[in-house]
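Student: Provided herewith is a single structure, encoded as structure tokens, for subsequent inquiry.
The values are calculated or read from the model by the stated rules, or taken from the named source; none is laboratory data. Here the structure is a predicted model, which is why all the values come from computation and not from measurement. Methodologically, a virtual Cβ is constructed for each residue, glycine included, from the backbone with ideal geometry; neighbour enumeration extends over all protein chains shown.
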Ligand SMILES: [Fe+2]
């Protein structure tokens, strides 16, 4: 048995074969590669009481922020909640239940408790960091991993993933040099670590190192594509570098190709597609009829608001496609969601004015855009995502301020964006 997580507690309910499958799935997920749901289904078929295989399955369903997958996450939790479980597994079961119910902060806290006792539990770190990301908790992105790092070294399988996660946390807290060094080290250990590839791309994005960014991404395409289910987001980062260089034909070719050529209906992929087209719009680039297909894909996905960060990106598509009815339906869904328990109500506190600002922008109401977006700038991190993703709010506000004739505000936004990009606090 190659079970490598430092715990005296043997995984509950697993045959040797199922445990091997689980470990292979964990290794794959550390590169966001393979077909984890299929593998875990096999493991559960072999060992129905295998707690962590069921938990991992539930995490995967809950991880994508797709409303349609949440019932599967809840079902995975229901199937595992009464099984015998050891202390570490019980922490995961609790975290899964909270995550599936939209209690992301509580789920993150449960996994922090697991990590404090079992710092070499790589899945607790990975799902925990995802929860930090979904809540825009920069400090958590960094410190959750930093707290576990002393218990890891490069002789341990999965160390590359821990470094890749730490690199992203360092980047999101402005430690750019340390982030880049850590991310590059992770890639040295495991070139297929798409999360580490992405962390270094974020450093280059934040520092406006666009030519380097193109070279960084294009120089390793086979590593971060293949059977990676994270690759669309890495294609998005490559497109951002081209966008920064004014190479809009290249951006549109990426959009029509690997980024959204297959018209994925996964929320993460649609978020990237929306964000890219919206940035092009703000830059004054004609994107043709591309908004229509994207709006078609978004409409069923946001019939109810379950993760408001997605709503904001759906709104970009509805505004871009000129769909006022879909926008009105989205805003009604947001009002319903604001009354429900879970962390989405807090995310909506950001998403509601963002959607209002995007709608105003679509109507050419520049002053209305400024009035909606300016107050939410300082708190926008509270609805999740990365600095690079939330930059679309600043870019929209900046353009609206210019068009509204507010040169003072436009200059101020430009100046503070530049200051952030130059910031080095290592
Ligand atoms: Fe990113």
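Student: Kindly indicate whether any position in segment 318-341 is surrounded by 17 or more Cβ atoms within 10 Å (Cβ to Cβ), under 22 Å from residue 236 (Cβ atoms), more than 16 Å from the ligand (Cβ to nearest atom) and touching a residue at least 60 places away in the same chain (Cβ under 8 Å).
Tutor: no
Student: Does residue 410 satisfy being away from the ligand (no atom under 16 Å from the Cβ) and in contact with a helix residue (DSSP H, G or I) (Cβ under 7 Å, 6 or more places away or on another chain)? Write out each step before concluding.
Tutor: Numbers: away from the ligand (no atom under 16 Å from the Cβ): yes; in contact with a helix residue (DSSP H, G or I) (Cβ under 7 Å, 6 or more places away or on another chain): yes.
Yes.
Student: What is the number of the single condition among (1) over 13 Å from residue 255 (Cβ atoms); (2) touching a residue at least 12 places away in the same chain (Cβ under 8 Å) that residue 276 does not meet?
Tutor: Residue 276 satisfies every listed condition except (1).
Student: Looking at segment 133-157, which of its residues are more than 23 Å from residue 346 (Cα to Cα) and in a helix (DSSP H, G or I)? Even if it seems obvious, please write down each step before you answer.
Tutor: Start the filter on segment 133-157 by keeping residues that are more than 23 Å from residue 346 (Cα to Cα), which leaves 145-157.
Result: 145, 146, 147, 148, 149, 150, 151.
Student: May I ask you to say which residue of 116, 90 is farther than 19 Å from residue 165 by Cβ, in a helix (DSSP H, G or I) and out of contact with any helix residue (DSSP H, G or I) (no Cβ under 7 Å at 6 or more places or on another chain)? Give the steps one after another, and end with the answer.
Tutor: Values: 116 fails: farther than 19 Å from residue 165 by Cβ.
Criteria check complete, one pass: 90.
Student: Which of the helices (runs of 4 or more DSSP H) contained wholly in segment 183-266 include at least 2 residues that are farther than 22 Å from residue 277 by Cβ and away from the ligand (no atom under 16 Å from the Cβ)?
Tutor: Passing ranges, in order: 210-218, 221-224.
Student: Answer yes or no: is there a residue in segment 333-356 that is part of a helix (DSSP H, G or I) and more than 22 Å from residue 267 (Cβ to Cβ).
Tutor: To start, the set of residues in segment 333-356 that are part of a helix (DSSP H, G or I) comprises 333-337, 344-356.
Now restrict to residues that are more than 22 Å from residue 267 (Cβ to Cβ): none.
There is no residue in segment 333-356 that is part of a helix (DSSP H, G or I) and more than 22 Å from residue 267 (Cβ to Cβ).
Student: Name every residue in segment 15-41 that is in a helix (DSSP H, G or I) and over 28 Å from residue 234 (Cβ atoms), in order of residue number. Reasoning before the result, please.
Tutor: Just the residues of segment 15-41 that are in a helix (DSSP H, G or I), to begin with: 16-29, 36-41.
16, 17, 18, 19, 20, listed by residue number.
Student: Counting just the residues of segment 351-389 that are more than 21 Å from residue 285 (Cβ to Cβ) and within 16 Å of the ligand (Cβ to nearest atom), which one comes out surrounded by the fewest Cβ atoms within 10 Å (Cβ to Cβ)?
Tutor: Filtering segment 351-389 for residues that are more than 21 Å from residue 285 (Cβ to Cβ) and within 16 Å of the ligand (Cβ to nearest atom), the one surrounded by the fewest Cβ atoms within 10 Å (Cβ to Cβ) comes out as 381.
Student: Tell me, yes or no, whether segment 96-104 has at least one residue that is surrounded by fewer than 18 Cβ atoms within 10 Å (Cβ to Cβ) and touching a residue at least 40 places away in the same chain (Cβ under 8 Å).
Tutor: The initial filter retains those residues of segment 96-104 that are surrounded by fewer than 18 Cβ atoms within 10 Å (Cβ to Cβ), namely none.
There is no residue in segment 96-104 that is surrounded by fewer than 18 Cβ atoms within 10 Å (Cβ to Cβ) and touching a residue at least 40 places away in the same chain (Cβ under 8 Å).
Student: Moving on. Name the pairs whose Cβ atoms lie under 6 Å apart, with the first residue in segment 383-395 and at pLDDT 95 or above, the second within 12 Å of the ligand (Cβ to nearest atom), and 6 or more positions between them or separate chains?
Tutor: Correct list of pairs: 392/275.
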